[in-house]
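Reading through the structure tokens given below for one structure.
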Amino acid sequence: MKSITLTQFLTEERRAGHGNTDLNQLLEVVARACKRIGVATGKGALGGVLGEAGSENIQGEAQKKMDVLSNEILLDANAWGGHLAACASEEMEDPQQIPDAYPKGGYLLLFDPLDGSSNIDVNVSVGTIFSVLKRPENSGDDAATSEFLQAGREQVAAGYVVYGPSTVLVLTIGHGSHVFTLDREVGSFILTQRDAKIPQETSEFAVNMSNQRHWEPPMQRYVGDLLAGEQGPRGRDFNMRWVASMVADVHRILTRGGIFSYPIDASIREQGGKLRLMYEANPMAFIVEQAGGAASTGRGRIMDIQPDALHQRVPVFLGSREEVETAERYHRETPH
């Protein structure tokens, strides 16, 4: 079987009317940057990239050295290509404008440069998540923060890369979600699964059980019924899996089904949730929906949310469609 590289795949998609040359080149730049991040994470202690950076990001979270390095790699790679007007990162308070020395394009890029970075020191899979938006027409020279505040349904592309035993890129440009594996010997991402589909039903769930005491009543009831297993109201046993790296948890769900949940709880109520809408929830929701799954806050579709802040947070339930709909039903039936 002939190998199809990411470049060939994107070219064929463009000829089929999906995407365009500028978008394709932007996605290839992001993919190349992720290869560099993969090399750095692969070196681990040998590359001096483990441990704390001694700084905090805009979220008030301690940064790992790899957080800072991954952010710099993505910013540097995308500065000069001429496809972007600006970048926004989970690690920075404001968007990064394209330097005046370079041409500016019609797209906006958002990214979580190293998702799950708390796992980097213990050699557990981490990843990069990204989202691409079209810049509004009649915009000024510099891209304002308001230009990024588009609902997730406006995304033109989204993807994530898992740095694990193999380096895997999952990408959507709105016509299915497709899986590419990095062939390290030739340096190319190769298509290994076209139009991936998440099983509609599941008997696996992913949730941080250490937060159980803070959950709202509907979440308590939902997980309680899952844990009751065959003897409970769900009538079958469920297995729990939790990596604490969203890209790894979502990739498992994309591969074999499941539901990923990070609900609102008392400890994070004031900030609106744990996960960031623009950098994590929206791109993952786009990928999951394009793979036949569903993505919800528990009370509505994630990609229908109109953002009001660049670093807005939301509750997240995503994965196998029937199970996400079941979780939503628990939240509708039980008062806040």
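The values are calculated or read from the model by the stated rules, or taken from the named source; none is laboratory data. Small disclaimer: the values here were computed from a predicted structure and weren't measured. When we count neighbours, we look across all protein chains shown, and the Cβ atoms used for this are built from the backbone with ideal geometry, even at glycine.
Taking segment 123-148 as the search range and keeping residues that are closer than 30 Å to residue 243 by Cβ and in a loop (DSSP other than H, G, I, E, B), which one is farthest from the chain's Cα centre (by Cα)?
Within segment 123-148, the match that is farthest from the chain's Cα centre (by Cα) is 123.
With a cut-off of at least 3 residues that are more than 25 Å from residue 18 (Cβ to Cβ), name the strands (runs of 3 or more DSSP E) lying wholly within segment 176-237.
Strands (runs of 3 or more DSSP E) meeting the threshold: 204-206.
Check whether at least one residue in segment 165-187 is of a type in the set (Lys, Arg) and over 27 Å from residue 124 (Cβ atoms), and report yes or no.
No, segment 165-187 has no match at all.
Say whether the condition of being within 30 Å of residue 123 (Cβ to Cβ) and either assigned by TED's automatic domain parsing to the domain that holds residue 277 or outside any helix (DSSP H, G or I) (or both) is met by at least one residue in segment 97-105.
No.
Filter segment 292-311 for residues that are surrounded by fewer than 22 Cβ atoms within 10 Å (Cβ to Cβ) and among the aliphatic types (A, V, I, L, M) and give the result.
303, 305, 309
The rows are residues; the columns are (1) without any contact (Cβ under 8 Å) to a residue 40 or more places away in the chain; (2) surrounded by fewer than 16 Cβ atoms within 10 Å (Cβ to Cβ).
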position	(1), (2)
168	no, no
173	no, no
187	no, yes
204	no, no
223	yes, no
237	yes, yes
251	no, no
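Restricting attention to segment 312-334, does a residue exist that is closer than 30 Å to residue 96 by Cα, of a type in the set (Asp, Glu) and surrounded by fewer than 24 Cβ atoms within 10 Å (Cβ to Cβ)?
Checking segment 312-334: not a single residue is closer than 30 Å to residue 96 by Cα, of a type in the set (Asp, Glu) and surrounded by fewer than 24 Cβ atoms within 10 Å (Cβ to Cβ).
List pairs: first in segment 317-330 and small (Gly, Ala, Ser) and at pLDDT 95 or above, second part of a helix (DSSP H, G or I) and buried (at least 22 other Cβ atoms within 10 Å of the Cβ), Cβ under 8 Å, 6+ apart or cross-chain?
Hits for this filter: 319/250; 319/253; 319/288; 320/253; 327/222.
Regarding residue 50, is this residue under 29 Å from residue 178 (Cβ atoms) and aliphatic (A, V, I, L, M)?
no
Restricting attention to segment 135-154, and to residues there that are at pLDDT 95 or above and over 21 Å from residue 93 (Cα atoms), which single residue is surrounded by the fewest Cβ atoms within 10 Å (Cβ to Cβ)?
154
Would you point out the residue of segment 1-16, among those that are part of a loop (DSSP other than H, G, I, E, B) and more than 28 Å from residue 126 (Cβ to Cβ), that is modelled with the lowest pLDDT?
Out of the qualifying residues, it is 1.
Does segment 193-207 contain any residue that is touching a His at 6+ places or on another chain (Cβ under 6 Å) and under 30 Å from residue 145 (Cα atoms)?
Scanning segment 193-207 turns up no residue that is touching a His at 6+ places or on another chain (Cβ under 6 Å) and under 30 Å from residue 145 (Cα atoms).
I'd like the full set of residues that are surrounded by 23 or more Cβ atoms within 10 Å (Cβ to Cβ) and either aromatic (Phe, Trp, Tyr) or touching a residue at least 40 places away in the same chain (Cβ under 8 Å) (or both), limited to segment 87-97.
Hits for segment 87-97 are 88, 89, 90.
Here is a list: 19, 38, 51, 44. Which entry is of a type outside the set (A, V, I, L, M), modelled with pLDDT under 90 and within 29 Å of residue 155 (Cα to Cα)?
Selected residue: 19, the only one of 19, 38, 51, 44 that is of a type outside the set (A, V, I, L, M), modelled with pLDDT under 90 and within 29 Å of residue 155 (Cα to Cα).
Within segment 81-96, identify whether any single residue is farther than 24 Å from residue 174 by Cα and at pLDDT below 90, and answer yes or no.
So far as segment 81-96 goes, no, none of its residues is farther than 24 Å from residue 174 by Cα and at pLDDT below 90.
For residue 76, only one of the following conditions fails: (1) surrounded by fewer than 22 Cβ atoms within 10 Å (Cβ to Cβ); (2) in a strand (DSSP E or B). What is its number?
(2)
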